[in-house]
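Read-outs throughout are calculated quantities, based only on the coordinates presented, and are distinct from any laboratory measurement. This structure is a prediction, so every number in the text was calculated from the model and none was measured. Every residue, glycine as well, gets a Cβ built from its backbone with ideal geometry; the counts of neighbours run over all protein chains shown.
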Amino acid sequence: MTAKELKDKSIELRRKTLEIIYNAKAGHTGGSLSIMDILNVLYNRIMNVSPENFNDANRDRYIQSKGHSVEALYTVLADRGFFPEEDLMTLCQYQSPYIGHPTKGVNGMEQNTGGLGHGLPICCGNALAAKKDNSGVKVYTVLGDGEMAEGSNWEAMMFAAHYKLDNLCAILDYNKLQITGSNAEVMGLEPVAKKLEAFGWAVKEVDGHDYDALIETFESLPFEEGKPSFVIAHTVKGKGVSFMENNIKWHHGVPSAEQMEMAREELLIKEEV
Amino acid sequence: MMNSLEQLEMETKEIKNEVLLGKPNLEVFSATMQKLAETDRGIMAVTSDSRGSGKLVPFGQKFPEQIVEVGIAEQNLVGVATGLAAMGKKAFAVSPACFLTARSLEQIKNDVCYSDNPVKLIGISAGVSYGALGSTHHSLHDYAVLRAINNITIVAPADNFETEAAIRSAAEMETPVYIRFGKKAMPQNLGSIDFEFGKGRVLKEGSDLTFVATGEGVWPAYQAALKLEEEGIHATVLSIHTIKPLDTGLIEKFASNGQPILTVEEHSVNGGLGEAVASHLFQNGFRNKFKIVGLPDDHTVHGSQVEIFDHYGISEEGLTKTAIELLK
Ligand SMILES: Cc1ncc(C[n+]2csc(CCOP(=O)(O)OP(=O)(O)O)c2C)c(N)n1
Ligand SMILES: [Mg+2]
């Protein structure tokens with residue numbers, strides 16, 4: 001899909017994500033909206049993964065390390081045809097497979113995540129196996145910026161550089177907010193690009209909502225041969241709905257009926273532009 | 001000076017009833033890994049600066065493509081092993097049991113068990129094998145924590161035979177498994193040559209009491225049973241190499257005569273084999289006299305593995321005494 005087509009799609013994807021959260025009365029709204037454009041580009045343009053090849057050992061792998069933003073992933077997978085969209089109306093209901101974090105019980109999910117700091121180590125194992133098998137498989141993960149405080153990530157970063165895993169791409173959803181406040185208030189992450197480079201990664205910074213820039217960035221993988229790639233995607237938590245943007249209240253805030261109506265209207269205007 | 005062969009023969013003779021002393025289970029593990037890797041390129045050993053302690057240096061030299069070093073990073077050890085397993089590799093995550101089942105417990109719970117990745121977790125130098133290195137290096141909690149996590153088989157082989165069989169079975173397993181053992185020489189084989197995860201082995205039969213033992217607690221239980229024989233007391237000895245799933249059928253069979261039951265394990269008395277057996281039997285109407293022998297809920301005494309075992313009565317002498325007490 002072209003950047004324009006993806007961008008148009010993103011408005012619909014954002015609306016659907018809000019609808020399922022509104023319906024379930026639960027969800028991680030802000031972080032789902034901040035990774036929506038990244039997932040849209042990965043699944044609809046970059047990765048070699050589809051419902052047709054999902055059982056093929058040579059498919060690309062995506063493991064969402066910041067598992068809490070599962071609603072965005074559900075919406076993108078449904079849109080991609082992994083399961084019917086209506087299924088998502090059962091989100092978080094008794095015995096529904098669509099729970100508040102990714103699980104393999106849902107078609108298209110690679111691993112169960114939800115505890116932060118677990119995705120990157122698993123991706124390292126995936127990427128190393130792919131290297132050993134010469135399979136050409138590429139491995140992707142999205143991490144939260146608050147999540148970066150987990151030590152396991154830094155263990156995995158040392159590993160990925162040591163094994164020259166240039167088939168691995170980690171993406172930082174750099175929305176600058178976590179639960180309690182900003183990263184700067186809770187646990188400073190800066191200078192993150194320098195830290196990642198010092199850990200042996202090739203790093204690119206990108207506007208995580210700019211489709212041309214995202215496509216260009218992902219299409220230039222690996223950034224450097226013999227090095228794992230880190231994309232620092234500057235994003236806005238709650239992106240797309242003005243009153244949700246940059247506000248920690250929307251980390252797992254659920255819209256009221258009135259707020260939902262406001263969000264729908266805002267997105268409708270964007271669609272018409 | 002005696003050469004080591006003569007020494008081994010001497011030690012062997014000292015073991016009563018024709019039980020042949022073998023190698024440390026740790027060495028059996030590494031030898032088995034080599035045999036498996038020869039014909040199976042999918043076998044992977046993942047280590048956390050632990051290849052020396054895991055006796056895997058020759059393995060690494062022979063199969064450099066099949067060993068993955070993660071450095072001293074046990075969370076990443078289990079994460080990487082998970083990622084390898086998810087790509088179809090037979091990944092053995094090998095690390096001292098103390099670190100593997102504590103530092104990486106969340107990875108075991110989420111990435112391996114919950115996410116259903118068939119990682120083989122190998123806890124080396126388990127229990128109090130590290131002796132005087134102290135409690136940082138002891139794993140007396142591993143059965144307890146892993147028993148409370150679903151989708152994992154927990155195994156503690158008693159002898160060399162069980163160790164080799166367990167490693168071979170693990171390689172073929174499609175669900176998570178944890179195997180732990182020590183580094184002290186163990187008998188070659190205390191029983192028959194039948195092995196299946198979840199099926200205990202009957203090493204000796206007697207009608208006066210039953211030892212239900214696991215791992216390196218089995219041998220002292222066996223020795224105690226022989227000692228008791230001299231006093232006219234006939235004991236059954238079960239090697240429950242699989243702590244979960246527990247062979248409840250076998251345990252019930254030997255409990256049904258109503259005689260006392262003595263469980264033996266190199267683990268805290270809280271949450272291990274003894275409590276698993278007690279819980280099953282009590283819930284199923286059994287009221288046998290019952291004693292759990294293991295490490296008490298206390299700071300562990302300092303000493304070698306043997307000294308610690310002796311201190312807490314996990315020994316021929318200690319278990320003989322406890323058995324006689326229980327029979328009173
Ligand atoms: C190990 C672990 N600790 C705590 C949590 C609870 N938790 C879920 S989301 C979150 C904040 C994450 O912040 P960030 O990584 O910045 O994510 P985002 O802003 O993208 O939502 C926390 C603390 C968790 N899921 N896992
Ligand atoms: Mg954040």
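Compared with the dominant principal axis of the Cα atoms in chain B, helix B:273-283 is inclined by about 60°. Amide H to amide H, with H built 1.01 Å from N, A:ILE232 comes under 5 Å of A:LEU172, A:LYS204, A:GLU205, A:VAL206, counting only residues 5 or more places away or on other chains. Sorted ascending by nearby beta carbons within 10 Å, beginning with the fewest, B:CYS98, A:CYS123, A:CYS92, B:CYS113 become A:CYS92, B:CYS113, B:CYS98, A:CYS123. Applying a threshold of 25 Å to the alpha-carbon distances of B:LYS289/B:LYS321; B:LYS184/B:LYS328; B:LYS35/B:LYS90; A:LYS66/A:LYS227 flags B:LYS184/B:LYS328 as lying beyond it. With 30 Å as the limit on Cα-Cα distance, the pairs of B:LYS183/B:LYS291; A:LYS131/B:LYS23; A:LYS25/A:LYS270; A:LYS4/A:LYS138; B:LYS55/B:LYS244; B:LYS62/B:LYS183 that go past it are A:LYS131/B:LYS23. Could you check the simple spin-label distance between A:GLU245 and B:GLU196, using points 7 Å along Cα→Cβ, in nm with one decimal? So the label points at A:GLU245 and B:GLU196 sit 6.5 nm apart.
Assuming R0 = 25 Å, what is the FRET efficiency of B:ALA185 and B:ASP297, from their Cβ-Cβ distance, to the nearest 0.05?
Values: r = 30 Å, r/R0 = 1.19.
So the FRET efficiency works out to roughly 0.25.
Is the C-alpha gyration tensor of the range B:201-327 telling us rounded, prolate or oblate? Criteria: a/c under 1.5 is rounded; beyond that, a/b larger than b/c is prolate, otherwise oblate. Note, shape of the range B:201-327 comes out oblate.
On full extension of the chain, what length is gained from B:THR248 through B:LEU20, given 0.36 nm per residue of separation minus the C-alpha to C-alpha distance? Working shown, then result.
Values: separation 228, 0.36 × 228 = 82.08 nm, distance 2.93 nm.
Extra length available between B:THR248 and B:LEU20 comes to 79.1 nm.
Spacing of the modelled spin labels on A:ILE179 and B:GLU106, each 7 Å from Cα toward Cβ, amounts to 1.1 nm.
Under a Cβ-Cβ cut-off of 14 Å, what is the net charge of the residues other than B:SER115 that fall near it, where Lys and Arg count +1 and Asp and Glu count -1?
Values: positive: A:ARG61, A:LYS104, B:LYS109; negative: A:GLU110, B:GLU106, B:ASP111, B:ASP116, B:GLU174.
Residues near B:SER115 contribute -2 overall.
For the range A:121-259, calculate the relative contact order in percent as a whole number, restricting contacts to Cα pairs under 8 Å that are 6 or more residues apart.
Details: 223 pairs, mean separation 35.3, N = 139.
Contact order relative to length: 25 percent.
Using a Gaussian network model of chain B in which every pair of alpha carbons under 10 angstrom is joined by a spring, one finds that among B:ALA148, B:ALA166, B:ALA235 the greatest mean-square fluctuation is at B:ALA148. With θ taken as phi - 60° and the Karplus curve 6.51 cos²θ - 1.76 cosθ + 1.60 applied, the whole-hertz 3J(HN,Hα) list for the range B:185-202 is 4, 10, x, 5, 7, 8, x, 7, 10, 9, 8, 8, 4, x, 10, x, 10, 8 Hz, x standing for glycine and proline. For the range A:63-126 and the range B:234-251, what is the centre-to-centre distance using only Cα atoms, to the nearest Å? After rounding, the separation between the Cα centres reads 40 Å. Over 27 Å, how big is the tail of the calculated P(r) for the range B:117-256, in percent of all Cα pairs? Of all Cα-Cα distances in the range B:117-256, 21 percent exceed 27 Å. Each part reduced to its alpha carbon centroid, the range A:149-223 and the range A:228-249 end up 14 Å apart. In chain A, helices alone account for a calculated mean residue ellipticity at 222 nm of -12500 deg cm²/dmol, with every DSSP H run of four or more residues adding -39,500 (n - 2.57). Phi angles across the range A:11-20 convert, under the Karplus curve 6.51 cos²θ - 1.76 cosθ + 1.60 with θ = phi - 60°, into 3J(HN,Hα) values of 5, 5, 4, 5, 4, 4, 4, 5, 4, 6 Hz, Gly and Pro given as x. The aspartates and glutamates within cross-link reach of B:LYS253, meaning a Cα-to-Cα straight distance under 17 Å and a gap of 8 or more places when in the same chain, are B:GLU205, B:ASP208.
Based only on the alpha carbon positions, what is the Kirkwood hydrodynamic radius of the range B:109-174, in angstrom? Show your work: numbers first, answer last.
Values: mean 1/r = 0.0750 Å⁻¹.
Answer for the range B:109-174: a Kirkwood hydrodynamic radius of 13.3 Å.
The share of Cα pairs per 10 Å bin across the protein assembly as shown, counted from zero up to the longest distance, runs 3, 16, 24, 20, 15, 12, 7, 2, 0, 0 percent. One decimal place: the segment A:GLU190-A:ASN53 gains 45.4 nm when fully extended, by the rule 0.36 nm per residue minus the C-alpha distance.
Short-range pairs are left out: with C-alpha atoms under 8 Å and at least six residues apart, the relative contact order of chain A is 24 percent. Each residue in B:GLU65, A:GLU5 was given a count of other beta-carbon atoms within 10 angstrom of its own, and listing them fewest first yields B:GLU65, A:GLU5. Its relative contact order, with pairs defined as Cα atoms under 8 Å and 6+ residues apart, puts the range B:137-223 at 33 percent.
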